[in-house]
Amino acid sequence: MRALIYELADQPGRGALEIAGLCLLVRQLEWLRDMGIEDVVVEVATDPSASERAALLLGPDPLTAKARVVPTAQPIGLEALAARAGLAEDEPFLALPANLLVRAQLPAFEGPTAHTVAPPPFGGDIPAARVVVRTRAHDVADEGALVPGWALAVNDVSTAHMLSCAVLGGQADGVLIHAAEVRPGIWLARGARVAEEATLVPPVLLGPEARVFAKARLGPNVVVGKRALVEREVVLSEVHVAPTTLVGEASRIRQAHVDAHGLTSLADGSRTEIDDPLLLSSTSYRGPAPLARLLAALLWLALGGLWLLVALCARLVGRRALRTLRFRNTTLHMGALGIALLDLVPALWDVVRGRRDLVGVAAESALEDAARAPRQEGTFAPPLRPGAIDVAPVLAPGASAATLRSMWRWYLENKSATLDRQLLAGRVRGGSALPPGAQSGP
């Protein structure tokens, strides 16, 4: 039997809502697989998250191997979706709306029928849900018998967060948490890291590669998405932090869904846009600008031949290896040729491939406290994505760790081609363009 996950006319994109670290669409596919249904047709209507859901369904994950995508400009309805999926008139299929999370064991499918699933054992007045097996020719009118388990229509971020907290607190059985419970109610996914001085009040879930800095306080009821970053002295309670979101230092947020562009209240659904990278921003790296790639390619072509000749000569005499240390050392000392201009060549190739910027850093993720990068006490870890041409030596030479961190923040906020030229020319160093309290040098 096949299953059809169809979009609702007035609520497209509900499959992107996160439930305890995974989107609702993935939760639905997990349940269908448990029911023995792997042949799934998924409607993906146009909305801001459509490309992400389509990429997930078309990716290499075994969970989506037999899923077929039907892209639509707007929800087309279940009957039209069944026709586009190529179902015969009398072929039974399971009809699953994109907003419904089900955790129930349905009886064997023998033909068109309906099943009523009780609401989850928490929350307020939540109506029972209806799961239908039908054909294109025959719909099911009755409500059907009550089956054991629970189901919930997830229509907004508030409901998704409530369900996530219930899952983390053990109130909603059947939802797998893809993380390790390091202590009661505290869940850390693969690669998540928490500073020793941070405080976590259960229930809390940190997604894959999420970071929580020192003196931050999270909880109760906090979910931090994949590769999100919570800085020092941040206080969060009743909050969901979207993936790849940076929450700025000393922020105080309660009862909200937080993303890189603003806050959505979990109480009334109101939206507040925030255009301040010191408060909220994105940790995702979009790569260098096309012009920077083109310039890097031209420089690489100009220097590549000479670099190869010198590198081969160095290898013949056994002086240096051809390795370079990338992303963790802004000066490329390890395995470099020792000739400053030629040492740019491997970094320029990284720019052409989109793995680093040409000048300086271009993304907030470069400011992560890279625990995997060794550093001396009291010093600031180098950015994870230093540019091929590094501006750190002229940003704040000899400054303290706190000052250098402030300088990187200021640089990202004001980054432009003009600023990069001024830094490389030494015109900004120690000048009035520096932010207050972040003057370079002693």
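The values are calculated or read from the model by the stated rules, or taken from the named source; none is laboratory data. Everything numeric here is computed off the predicted structure, so don't read it as measured data. Counting neighbours? That spans all protein chains shown, and the Cβs are built from the backbone with ideal geometry, glycine included.
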Does any residue of segment 181-190 turn out to be closer than 29 Å to Glu30 by Cα, at pLDDT 95 or above and part of a loop (DSSP other than H, G, I, E, B)? yes
Which of (1) touching a His at 6+ places or on another chain (Cβ under 9 Å); (2) in a strand (DSSP E or B); (3) free of Cβ contacts under 8 Å to residues at least 60 places away in the same chain does Arg254 not meet, given it meets every other one? (1)
Just one of Val235, Val239, Val194 is touching a strand residue (DSSP E or B) at 6+ places or on another chain (Cβ under 8 Å), within 20 Å of Thr283 (Cβ to Cβ) and crowded, with 23+ Cβ neighbours inside 10 Å; which is it? Val239
State whether the residues of segment 157-175 include one that is surrounded by 16 or more Cβ atoms within 10 Å (Cβ to Cβ), at positive phi and outside any strand (DSSP E or B). yes
Among the residues in segment 165-180, are any acidic (Asp, Glu), within 24 Å of the chain's Cα centre (by Cα) and closer than 28 Å to Asn99 by Cα? no
Among all residue pairs at least 6 apart or on different chains, which show Cβ distances below 9 Å where the first residue, located in segment 172-200, is closer than 16 Å to Ala216 by Cβ and the second is surrounded by fewer than 17 Cβ atoms within 10 Å (Cβ to Cβ) and among the basic types (Lys, Arg)? Ala195/Lys215; Glu197/Lys215; Ala198/Lys215; Thr199/Lys215; Leu200/Arg183
